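Okay, so here's the structure we're looking at.
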Amino acid sequence: MSSAQMEDQSQNQSVKCTEIGGSERDSENNMSSSTSRFDYYDPISPWALDIGGSLIKLVYFSREDNSLENYLGKSVAAENTGVLNGCTTHPVLNGQLHFAKFETTKINECLDFIESKQILGSCGRHQEVSGGKTLTIKATGGGAYKFANLFKEKFGVRLDKEDEMDCLVAGANFLLKAVPHEAFTYLDNRKEFVQIDPNDLFPYLLVNIGSGVSMIKVDGDGQFQRVSGTSIGGGTFWGLGRLLTKCQSFDELLELSHRGNNRVIDMLVGDIYGGLDYSKVSKIGLSATAIASSFGKAISDKKELQDYKPEDIARSLLRLISNNIGQIAYLNALLHGLKRIIFGGFFIRGHEYTMDTISVAVQFWSKGEAKAMFLRHEGFLGALGAFKSYEKHGFGGLMVDHLAEQTPIVSPRPHPNQKVNGPFTEELADNESIDCSVLSVETLKLT
Ligand SMILES: Nc1ncnc2c1ncn2[C@@H]1O[C@H](COP(=O)(O)OP(=O)(O)O)[C@@H](O)[C@H]1O
Ligand SMILES: CC(C)(COP(=O)(O)O)[C@@H](O)C(=O)NCCC(=O)O
């Protein structure tokens, strides 16, 4: 694995996609029963969902205007060479992968978005694709079960459920192997992109910090084991944070934490040892500034909740949860002999302090042996995995094969060494898109 420090990439990058293929679609799972080649000239844009306890993540594909020409051109060329008639063809559709997220409690916003963006395709609202088949959409996360009827009633689509862990792993492997500038380390205010050799990727520990936390030992594509988890995760931070600070949004809570000082509430080693380093009086080696007890000062202070500043509470809470996850992750890495720990999930949100705390915890407990890594598309692992699962069913699916190119930086980003003013080092803007290549292998039946 080589590590390279690079210019920060834009939030507003886009992924250019190429869709290749057209197939006789399977009657059970399929988006369309193809009886005519013309079915393929107006294909439904594929999309996939990850409906979690806190957030709904949506990944969808849209074609570029010229993609139809490419598609026709390639198909006709194939026909001319006698490749068609039930055989695989590779028409090319250029397009983009888009990402969007919505709060699960506001699922109607997601439904409205799907409708407004017309990502259901040209078949309209209540989908009855040719042959009387129902359009099937890949979905993962608990909400794929919980909200299946809602999608059926609203759009007439069936949510085809994919296992959440399968999807997380597929999404992470795809990003790590295919997307340039995806993985990075963050320590001491320094962000360093890491180019991982795809042949030297496994094994690693995937720690997905969503509402709760899943820890998965990944040994290869589709080869993994969920080795641990903790219920103290992103939902805990947001839930407790909301109650304690009365803030109205997750972003507000993060913003508060950026401004706060955890030492006001956390009990430090120095508070217990009268300012002395514990390392000076014992062999254990804890500095005076190490947190001895998160929120510990609240027991000794004769203060009420309202006497603490919301920003200090937010800071202590973020530190507590990030530290705890970093430590449990390290212990699991140790237990399973893993050196590389990759953190995903929307709890992270490209937030400096969160990443720094997790990294310090991993570094501290592993004595520098293990490394915490983060992902630019941290929150979309499950949705990307669900999107990629179209391919494994071999129908009408898009196979995200590799990223062709990365769109150049759109807005100026700070240098990795430069301290940014806000709490986020870099975050994907909502609803942005990413340049990539998408490969769909199908068999096109002409009648
Ligand atoms: N806009 C937001 N609204 C609510 N929670 C958010 C938001 N952005 C980030 N989060 C954090 O991300 C967590 C959800 O992460 P995610 O990976 O989407 O998990 P899940 O699949 O359980 O919804 C929340 O519990 C919260 O900590
Ligand atoms: C149940 C879940 C897999 C659901 O995933 P999520 O929506 O939190 O991303 C996750 O919340 C989890 O792993 N919770 C921790 C459970 C435990 O191991 O204690």
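The table for this structure:
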| read-out | value |
| --- | --- |
| Relative frequency of Cα-Cα separations exceeding 13 Å in the stretch 274-321, percent | 65 |
| P(r) of the stretch 189-269 over all Cα-Cα pairs, binned every 5 Å from zero, in whole percent | 3, 12, 13, 15, 16, 16, 12, 9, 5, 0 |
| Rg/Rg_ref, the stretch 107-256, where Rg_ref = 2.2 N^0.38 Å and atoms are Cα | 1.31 |
| ³J(HN,Hα), Karplus 6.51/-1.76/1.60, whole Hz, each residue of the stretch 306-322, x for Gly, Pro | 5, 7, 9, 6, x, 5, 6, 5, 4, 5, 5, 5, 5, 5, 4, 6, 5 |
| Stretchable slack from Thr134 to Glu115, in nm (0.36 nm times residue separation minus alpha-carbon distance) | 5.1 nm |
| Stretch gain in nm, segment Asp163-Ser287, where the contour uses 0.36 nm per residue and the Cα spacing is subtracted | 40.2 nm |
| Cα-projected label distance for Lys106 with Asn261, points at 7 Å along beta-carbon direction, nm | 3.4 |
| Probe 1.4 Å, accessible area per residue of the stretch 195-322, Å² | 51 |
| Local electrostatic count at Ala148 - Lys and Arg +1, Asp and Glu -1, tallied over other residues with Cβ under 12 Å | +3 |
| Given charges at beta-carbon only (K, R positive; D, E negative), |dipole| of the stretch 261-313 in Debye | 220 |
| Extension reserve of the Lys339-Arg226 stretch, reckoned as 0.36 nm per residue once the Cα distance is removed | 39.0 nm |
| Hz values of 3J(HN,Hα) by residue in the stretch 204-219 - Karplus curve (6.51, -1.76, 1.60), Gly and Pro given as x | 8, 9, 9, 10, 9, 9, x, 4, x, 10, 10, 10, 10, 7, 9, 10 |
| Listed pairs Lys146/Lys392; Lys177/Lys246; Lys191/Lys367; Lys303/Lys367; Lys161/Lys217; Lys152/Lys388 exceeding 31 Å between Cα atoms | Lys177/Lys246; Lys303/Lys367 |
| Label zone at Asp307 (point 7 Å along Cα-to-Cβ), backbone N below 18 Å, the stretch 256-297 | 261-268, 295-297 |
| DSSP-assigned coil residues among trypsin sites (Lys or Arg not before Pro) in the stretch 245-308, each with at most 15 further Cβ atoms within 10 Å | Lys246, Lys283, Lys302, Lys303 |
| Relative contact order (%) - criterion: Cα under 8 Å, at least six apart; region: the stretch 197-342 | 27 |
| In order through the stretch 136-144: 3J(HN,Hα) via Karplus (6.51 cos²θ - 1.76 cosθ + 1.60), integer Hz, x for Gly, Pro | 10, 10, 6, 8, 9, x, x, x, 5 |
| Total formal charge among the other residues, if their Cβ is under 9 angstrom from that of Leu384, Lys/Arg +1 and Asp/Glu -1 | +1 |
| Neighbourhood net charge (15 Å Cβ-Cβ; Lys/Arg +1, Asp/Glu -1) for Glu369 | +4 |
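The values are calculated or read from the model by the stated rules, or taken from the named source; none is laboratory data. All values derive from a computational prediction rather than experimental measurement. For neighbour counting, all protein chains shown are included, and Cβ atoms are generated from backbone atoms with ideal geometry for every residue, glycine included. Surface accessibility is based on the protein's heavy atoms, side chains included, excluding ligands, DNA and RNA. Shrake-Rupley method; radii C 1.70, N 1.55, O 1.52, S 1.80 Å.
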